[in-house]
Amino acid sequence: MKSDLEITLLGRFSVRYQSTALLDRAPLRAQELFAYLLLHRGRAHTREALADVLWDERESEHVRKYLRQALWQLHAGLLPLGPKHASNLIHAETGWVEIVGDVAAELDVATFERAFGQARGSKGESLQADQARALSQAVQLYRGDLLENWSHEWCVRERDRFRQMHLTILDKLMDYCEARAEYEAGIAYGTLSLRSDPARERTHRSLMRLFALSGDRTAAIRQFERCCAALHEDLDVVPEDSTLALYVEIRNGRIGAGDSARSTIAEGADKTTSAPNPASPAPASPAPAPLRVVRKSAGPRR
């Protein structure tokens with residue numbers, strides 16, 4: 001059953017109770033305090049530690065006062081839940097503050113992390129249907145990067161952690177779709193991945209395979225060209241040998257519609273059911289002449 005309280009941290013910060021927005025007019029520090037406690041739920045935090053995380057050292061003389069104010073503002077903003085629920089959700093005592101209410105069913109990041117954890121260690125192609133379904137739902141929850149437009153150091157670290165989880169989930173779903181010949185869905189997941197990281201080479205490789213296996217060799221070759229351009233623009237490097245070898249396999253027609261297994265060359269490369277709307281594939285046209293790639297010094301890989 002859907003909870004009356006919905007808390008969103010992926011994308012724009014939002015707290016809604018029975019469709020009414022809460023905390024939208026609360027001071028930013030009160031919102032940050034609530035978000036931090038939610039992300040680090042399940043344990044108590046000393047007031048000193050919270051003050052160190054949320055306030056600048058230059059404000060050290062007044063941070064205890066600021067923390068008390070933020071807690072009061074937070075409690076006041078949650079009063080529409082009812083005084084008892086508001087007090088039970090955030091427990092503050094001398095020296096300690098913690099989230100004590102059960103927010104897992106109402107919190108998007110909790111659902112997202114649970115789906116990721118259930119599939120941890122499983123290869124995409126071997127996911128069970130319920131695991132793939134949970135990961136697909138997690139992708140739907142990822143409306144944007146964690147707490148968009150917040151720039152505090154603790155938030156940037158958490159944002160990077162969730163972005164990497166999101167990319168890993170998309171990797172698994174692409175492999176899951178490829179193994180089951182659900183190429184259109186896999187291409188949609190790959191498109192989402194490149195929106196987050198346009199130079200992510202493993203995603204370009206997966207898309208090249210998916211296009212080729214779907215019978216669209218032209219789109220696969222164009223994906224290779226986009227990969228080359230993104231790597232050059234973002235990192236000033238050329239594709240890895242495995243990417244170049246996959247391109248040759250596709251160009252020569254050794255990977256195409258009807259194939260059920262990955263290319264042996266692609267097997268060594270790095271490698272997730274309802275899918276988001278995919279971008280329309282490029283219209284068919286004669287395959288381009290082989291690209292000439294001039295190697296430069298090695299650089300970092302994504």
Just checking, how many residues over the range 140-169 are crowded, with 20+ Cβ neighbours inside 10 Å and hydroxyl-bearing (Ser, Thr, Tyr)?
-> 1
Apart from one, (1) touching a His at 6+ places or on another chain (Cβ under 6 Å); (2) under 25 Å from residue 203 (Cα atoms) all hold for residue 98; the odd one out is (2)
What residue, among those in the range 39-50 that are modelled with pLDDT of 90 or more and of a type in the set (Gly, Ala, Ser), is surrounded by the fewest Cβ atoms within 10 Å (Cβ to Cβ)?
-> 49
Elements of type helices (runs of 4 or more DSSP H) in the range 14-125, at least 1 residues being over 27 Å from residue 141 (Cβ atoms) | 47-54, 63-77, 83-89
Of the candidates 137, 118, 131, the one satisfying the condition of being out of contact with any strand residue (DSSP E or B) (no Cβ under 9 Å at 6 or more places or on another chain), at pLDDT 95 or above and crowded, with 18+ Cβ neighbours inside 10 Å is 131
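The values are calculated or read from the model by the stated rules, or taken from the named source; none is laboratory data. Small disclaimer: the values here were computed from a predicted structure and weren't measured. Positions of Cβ are generated from backbone atoms using ideal geometry, with glycine treated the same way; all protein chains shown enter the neighbour counts.
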